[in-house]
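No value in this document is a laboratory result; all are computed from the given coordinates. Remember, predicted model here, so these are calculated numbers, not experimental data. Here the Cβ positions follow ideal geometry from the backbone for every residue, glycine too, while neighbour counts run over all protein chains shown.
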Amino acid sequence: MRVFNRLLALLLALLLIVAGFWALAVSIAHALSIGWRPGWLHFFDQSLHQGLQTLSTLQLADWRVLAAASGVVIVGLLLLLLELRPWPPQIVFLDEDETAKWWLHRATFEGVLRSLVVKETTATGARARLRGQRRWRLRVDANASPQLRAEIERLVRSSLERLGRAGDSTVRVRIARARRVA
Amino acid sequence: MVVFNRLLGALIGLLLLAIGVTGLALGSGALGSRFAHMAALPAAIAQHTMAPTDNDLIVLALLGLLALLIGLLLLRAELRAPGQPRMRDLRYAQPSAEQALRRGRTVVRTGGLEHGLRQSLGALPGVRWAHAQLAGNPERPNLLIELEVDAQTRLSTLKSEVGQAIERFQLTSGRQPSTQVRIRLANTRRSVD
């Protein structure tokens, strides 16, 4: 989502620059009564005029206007929901000592846990989710037999121990029964 | 910049939602059938666009300038490297009057310090990749370290080794940095026999 937002901002910046140049070029050409324009600008102007003429003849009750408005509502709502939902932090706090403040990239830890559970046990479809900036809440989901719960919990705890966070983190392991292959 | 982009995205979403809802409310006749039969673009605006007056051209030029300015500012902000500006090179005071007379001076390049620290951190056991960046005031620099570390590495061991590397940096530069270390974990590679 961070990359998407950056691309969106870049696209908006480019659109504003192009629109700004176009408005300046059109107003200067009119003010100086310059009849000549490059072919692409002429084509753009003609298309714009045609579009505006069509819009001025369309009624708001027309199905095309209603369909376009519905599309705009859906895109706007989707964008708003994506931006306003809580985002997980990119880095989480690990420790602080006299040397430094230590942080961990959340997604890398989740990835390591996922592959650890899959590699070391017979569980499949493992997922790990770490939340909380300072007090960690870790949730691990996997498809496995219920007997594997203790083994998965041990693996997760040992990973947290290596990071010195076993004591003050909440761990929840959820096991979904693995589907049998027919 | 992340927060700004998020706000910008939310603002665009809100704007689109407002336009769409207004269009739907007017077009569906919820606000009266008079509005439903209105043109999607008022005739007056269309007329001004087809045959602009002098005032229209001035307004268009001003709006164009504004759009250009905002677009360029936004582009510059998006393309700028994130984080604080890099630290200036370290300059040391003359240790003796004799050296001062000779107009000598000692300058330690920031890039050299960062390179040394990167080398030192990259050679630590369990560390696959290291990056160091010095920023802020040269008297009390901010040091940002990024490490990619094998998942099996114990943080306590890593901390003591990184601590020694930072101490060496302090001895070399004579500066006490305010340090942040960010760790990326990577799955342990298995050796191929």
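Note on A:ASN143/A:MET1: beta-carbon distance plugged into 1/(1 + (r/R0)^6) with R0 of 25 Å gives a FRET efficiency of 0.35.
Entry note: segment A:36-82 has Rg to Rh equal to 1.20, where both radii use alpha-carbon atoms and Rh is the Kirkwood radius. Oblate is the label for segment B:2-79, because the ratio a/c of its alpha-carbon gyration tensor axes (a ≥ b ≥ c) is 1.5 or higher and a/b is not greater than b/c.
With a ≥ b ≥ c taken as the square roots of the eigenvalues of the C-alpha gyration tensor of segment B:90-186, please select rounded if a/c is under 1.5 and otherwise prolate if a/b is larger than b/c or oblate if it is not?
Note, shape of segment B:90-186 comes out prolate.
Computed extension gain for A:GLN46 through A:LEU10, at 0.36 nm per residue and net of the alpha carbon distance, reaches 10.2 nm. With each label modelled as a point 7 angstrom along the Cα→C-beta vector, the B:VAL2-A:GLU161 pair spans 3.2 nm. Stretching the chain fully between B:GLU167 and B:VAL59 yields a gain of 32.7 nm (0.36 nm per residue, less the alpha carbon separation). Rounded to the nearest 10 degrees, the inclination of helix A:63-84 to the longest alpha-carbon principal axis of chain A is 40 degrees.
Between B:ALA25 and B:GLN47, what length comes free when the chain is fully extended (0.36 nm per residue of separation minus the Cα-Cα distance, one decimal in nm)?
Numbers: separation 22, 0.36 × 22 = 7.92 nm, distance 2.55 nm.
Once the chain is fully extended between B:ALA25 and B:GLN47, it gains 5.4 nm.
Comparing B:VAL21, B:VAL127, B:VAL108 in a Gaussian network model of chain B where C-alpha atoms under 10 Å apart are linked, the largest mean-square fluctuation is found at B:VAL21.
Determine, from the Cβ-Cβ distance of B:ALA186 and A:ARG174 and an R0 of 22 Å, the FRET efficiency 1/(1 + (r/R0)^6), rounded to the nearest 0.05. Mind showing how you got there, number by number?
Values: r = 26 Å, r/R0 = 1.18.
Computed FRET efficiency for B:ALA186 and A:ARG174 comes out at 0.30.
Explain nothing, just the number: relative contact order of chain A, from Cα pairs under 8 Å at least 6 residues apart, as a whole percent. Don't skip to the answer; put the middle values down first.
On the way: 151 pairs, mean separation 23.5, N = 182.
Reported as a whole number, the value is 13 percent.
Report the residues of segment A:1-34 in range of a label on B:LEU11: point 7 Å along Cα→C-beta, backbone N strictly under 16 Å from it. Taking a point 7 Å out along Cα→Cβ of B:LEU11, the residues of segment A:1-34 whose backbone N falls under 16 Å are A:5-17. In plain terms, the residue of A:VAL118, A:VAL72 with the fewest other Cβ atoms within 10 Å comes first and the most crowded comes last, giving A:VAL118, A:VAL72.
Within a 10 angstrom radius of each residue's Cβ in A:48-60, how many Cβ atoms of other chains show up on average? Whole number is fine.
Values: counts 1, 3, 0, 1, 6, 4, 3, 6, 11, 5, 4, 7, 14.
What the average comes to for A:48-60 is 5.
Note on B:149-159: average number of Cβ atoms from other chains within 10 Å of each residue's Cβ is 4.
If each residue's Cβ is checked for other Cβ atoms within 10 Å, how do A:ARG137, A:ARG149 rank with the fewest at the top? Spell out each step's value before the answer.
Numbers: A:ARG137 12, A:ARG149 15.
By the 10 Å Cβ count, ascending, the order reads A:ARG137, A:ARG149.
Take each residue of peptide B:49-56, count the partner chain Cβ atoms within 10 Å of its Cβ, and average: the result is 2.
The modelled label-to-label distance for the pair A:LEU82/B:TRP129, using points 7 Å beyond Cα in the direction of Cβ, is 2.6 nm. With the helix formula -39500 (n - 2.57) applied to DSSP H stretches of n ≥ 4, chain A reaches a computed 222 nm mean residue ellipticity of -19000 deg cm²/dmol. Could you tell me which of rounded, prolate or oblate describes the protein assembly as shown, using a ≥ b ≥ c as the square roots of the eigenvalues of the alpha-carbon gyration tensor, with rounded for a/c under 1.5 and, failing that, prolate when a/b is larger than b/c and oblate otherwise? Oblate shape, in that a/c is at least 1.5 and b/c is the bigger or equal ratio.
Can you tell me, using C-alpha contacts under 8 Å and at least 6 residues apart, the relative contact order of chain B as a whole percent? It would help to have the intermediate numbers written out before the result.
Numbers: 172 pairs, mean separation 27.5, N = 193.
Reported relative contact order: 14 percent.
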